[in-house]
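The values are calculated or read from the model by the stated rules, or taken from the named source; none is laboratory data. Since the model is a prediction, treat every value here as computed from it, not as a measurement. Cβ atoms come from the backbone with ideal geometry, glycine included; neighbour counts cover every protein chain shown.
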Amino acid sequence: MSWKKIIAGVVVVSVFACLAFGIAQFVRARNTSSVNSCINNLRQIDSAKQQWALEHNARSNAIPTWDDIRPYLGTRPSGTLRCPHGGSYTIGRVAELPRCSYPHDSLDPKEQ
C-alpha cells in the first residue's frame, strides 16, 4: 500500500471525526440554549408572581393565575411564556418556585 493512500485514508477519517464532533457540539449547544431559555422563563414567572404578591398583599399560600401575573410579564402579545421543549409551566403558590413539566428545567438547583 502506498503512502498516498494511507495519508488519504487518515485525512478522510479525520474529516469524518471532526464532522461528528462538530454535530455533537451543535446539538449540545442547542439543547443548552433551550434549557437556559426555559429557566429564564421560569425566572420571569417567579418575578411576576412576587410582584403580584407584593402589590396585592398576598399571603405565601396564595396561588395567582396567569391573568393575575400577565401584567407583570412584560409586553408579550399573548401574555404567557412558552417552554422551548414543549413543556407547560405551573405558577404554583407564592412561596414556591414555578415549575416546568419538561424534566431538568427547574429553578431549584437540586433538580438540575
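Taken together, A62, A48, A53 contain a single residue that is at pLDDT 90 or above and not in a helix (DSSP H, G or I), which is A62. A single entry from L97, L73 fulfils the requirement of being under 12 Å from R43 (Cα atoms) and at pLDDT 90 or above: L97. Quick one: would you say I39 is surrounded by 17 or more Cβ atoms within 10 Å (Cβ to Cβ) and assigned to a helix (DSSP H, G or I)? Here the answer is no, as I39 does not meet what is asked. Comparison of G79, G92 shows that the only residue that is modelled with pLDDT of 90 or more and part of a loop (DSSP other than H, G, I, E, B) is G92.
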